[in-house]
Amino acid sequence: MAKFDLIITNGKVVSASDISTCCIGVKDGKIRTLVDSFDPEEMEGARVIDAQGAYVMPGGIDAHVHLCQDLKTGPHGLGGECSDNFETGSKSAAAGGTTTIITFATQTRAEEDRSLLHVVKAYNARAEATGSYVDYGFHIIIVRNDADVLEEEMSVLMKDWGISSCKLFLTYETQRLTDSQLLDVMFAAKKNSMTTMIHAENGDMIQWLTVKQLCNNAHECSEKLESKGMVAPYYHALSRPPLVEGEATNRAIALAQLIQNPILFVHVGSALGAANVRRAQTMGLPVYAETCPQYFHLTWEDLKRFHSPTCFENSKMICSPPPPPDTSDQEELFVGLENGTFTIYSSDHCPFRYDHPNGKPSGVLEDAASMEGEHHCTGKELQSLLERKQGAFRLIPNGIPGVETRLPLLYTGALSTGRITPQKFVELTSTNPAKLYGLYPKKGAIMPGSDADFVIWHPEEAFQSFKLTNDMLHHNVDYTPYEGMEFSNWPRYTILRGQVIWEDGKIQGKVGDGEYLKRGPSQLVRGVSKATKDPRCVAGWLYE
Ligand code: URP
Ligand code: ZN
Ligand code: ZN
Ligand code: ZN
């Protein structure tokens with residue numbers, strides 16, 4: 001019998017702290033040994049990948065992926081049909097060097113969704129309906145504070161399902177919690193050692209800036225975006241200036257501090273948000289943050305990209321929080337990647353098709369009629385929206401695709417340019433997500449005993465840079481925000497538990513190769529399981 005199934009020779013093996021040139025032996029899906037060289041007889045029967053000159057990194061872990069989320073609410077409560085299921089979304093992940101994804105089982109306010117266990121079982125059925133190319137786990141989105149459910153079900157989610165993280169919203173009408181409700185859920189999460197993820201945007205600020213109906217009718221309210229006819233996709237960003245994230249991050253930090261709950265801010269997109277996180281970290285509070293490629297590669301200018309600022313097609317770039325106003329914010333976000341403000345770098349892959357009735361193009365434009373035939377904003381659907389005279393950007397599903405481009409974008413924008421080291425790349429994209437979400441060292445490490453998950457890159461000299469087009473990607477989305485962008489590298493191999501699933505531009509794995517991951521409590525977050533007597537936390541007595 002062969003001693004190893006797979007051998008990777010002479011690669012530059014990168015961990016979150018070191019780079020060393022060595023050879024890796026894999027058997028039964030696990031890393032067994034790291035050595036200088038193998039004797040020829042040890043290599044008999046093994047597949048050998050020559051990684052001379054290449055970076056061998058632990059497989060990417062994308063901890064923020066929306067797949068199969070319900071049309072009723074969409075990933076954010078705004079409707080819209082999530083166009084990737086587990087089959088297409090995970091295939092896209094594999095092609096981009098990612099071997100683990102964590103997706104969202106989403107509670108709604110419907111009575112049938114009161115039970116979180118019901119929500120998870122229903123979501124799991126969707127994953128099982130197709131299977132996955134890569135390993136996967138679930139977060140739970142909680143939008144209610146039913147005391148009995150929190151009391152009885154959080155522990156079952158942890159124990160039986162290995163769901164050790166929940167996401168809470170400060171915005172979106174159908175998902176947001178009040179401060180008091182947030183405290184209820186965070187308190188339950190803390191007691192169960194579950195990590196709390198926060199979507200930090202101030203929903204009231206957004207609505208106040210956007211919608212005229214919110215005000216009492218005593219005055220005409222002509223100053224709001226919608227009353228001024230500022231409803232094109234571009235104005236989505238103006239309805240969410242950086243202060244919207246700034247206020248919400250500060251408030252969530254204070255709420256978490258009150259009850260000593262560690263928190264992780266998802267998709268931080270502004271320099272202000274990053275600065276607030278940094279300040280809390282400097283105070284010694286257990287505050288963590290995620291950022292995403294769109295905040296480094298898009299700005300408000302991209303919301304004006306197509307033909308005219310009022311063109312429907314700019315809806316392709318709508319996500320929440322929006323990209324930052326200009327590149328000066330991006331410089332500060334890069335600093336946050338380098339100095340540890342950002343713990344993880346995820347995609348927030350949130351796939352909607354553009355040319356689809358339940359996809360991106362929904363809304364009214366001032367000059368929509370004159371654009372008939374020129375863009376995709378034609379036909380019955382547009383007519384009915386015009387008749388309803390409703391706001392446009394408010395109705396457009398939020399979110400952009402990016403599970404496949406996540407690692408290549410970080411490589412192109414930050415590793416190739418020398419802004420981050422290869423070790424930092426691994427920390428942000430694999431090791432920290434594994435630790436943060438209770439998967440380490442099974443995932444996120446190249447050590448004996450860890451799963452043999454790898455992404456292998458040949459450095460730029462051996463790689464022709466190229467311009468990306470959407471037809472190169474494997475998602476079920478008819479566009480990419482990065483169309484035409486020059487990429488300096490792309491993964492040569494993606495390997496899942498010893499099996500090559502992506503090689504030289506071709507998918508080699510099968511749907512069903514991926515396994516469900518039961519996760520444990522976070523291995524990164526401090527103070528999750530034990531209450532400490534910390535004078536900065538005013539209500540530590542809660543846990544006595
Ligand atoms: O616009 C975004 N980010 N949509 C996805 C849903 C979310 O809030 O993560
Ligand atoms: Zn969110
Ligand atoms: Zn008013
Ligand atoms: Zn998201």
statement: Full extension between LYS510 and ASN358 adds, at 0.36 nm per residue less the Cα distance, a length in nm of 51.8 nm
Sparse-neighbour loop sites [trypsin sites (Lys or Arg not before Pro); the stretch 1-98; at most 14 other C-beta within 10 Å; DSSP]: LYS72
field: Area projected by the alpha carbon convex hull of the chain, averaged over all directions, nm²
entry: 25.6
statement: Total charge of the residues flanking ARG126 in space, meaning their Cβ is under 12 Å from its Cβ, with Lys and Arg +1 and Asp and Glu -1, is -3
message: With θ taken as phi - 60° and the coefficients 6.51, -1.76 and 1.60, list the Karplus ³J(HN,Hα) couplings across the stretch 404-418 in order, rounded to whole Hz; mark glycine and proline as x.
response: 7, 8, 3, 5, x, 5, 5, 4, 5, x, 10, 7, 4, 8, x
query: Modelled label-to-label distance, ILE19 and THR174, 7 Å Cα→beta-carbon offset: nm?
result: 4.7
task: Report the local net charge at SER347: Lys and Arg +1, Asp and Glu -1, summed over other residues whose C-beta lies under 14 Å from its C-beta.
output: -4
- prompt: Given H placed 1.01 Å from N in the peptide plane, which residues other than close sequence neighbours of VAL13 have an amide H under 5 Å from its amide H?
  reply: SER20, THR21, CYS22, VAL56
- prompt: Non-local amide H neighbours of SER165 (under 5 Å, H modeled in plane, Pro and chain starts lacking H): which ones?
  reply: ILE140, THR195
Theoretical gain in end-to-end length, LYS159 to GLN207 [0.36 nm per residue, Cα-Cα removed]: 13.4 nm
query: Sequence-distant or interchain residues sharing an amide H contact under 5 Å with TYR288, placed H: which?
result: ILE263, LEU264, PHE265
field: Charge sum, other residues only, whose C-beta stays under 14 Å from PRO322's C-beta, Lys/Arg counted +1 and Asp/Glu -1
entry: -2
- prompt: Using the per-residue mean of other Cβ atoms lying within 10 Å as a proxy for protection, in what order, highest first, do the peptides 168-179, 227-238 fall?
  reply: 227-238, 168-179
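Read-outs: derived from the displayed coordinates by stated rules, not from any lab. On a predicted model such as this, the values are computed, not experimentally measured, just so you know. Heads up, the Cβs are rebuilt from the backbone with ideal geometry, glycines too, and the neighbour counts pull from every protein chain shown.
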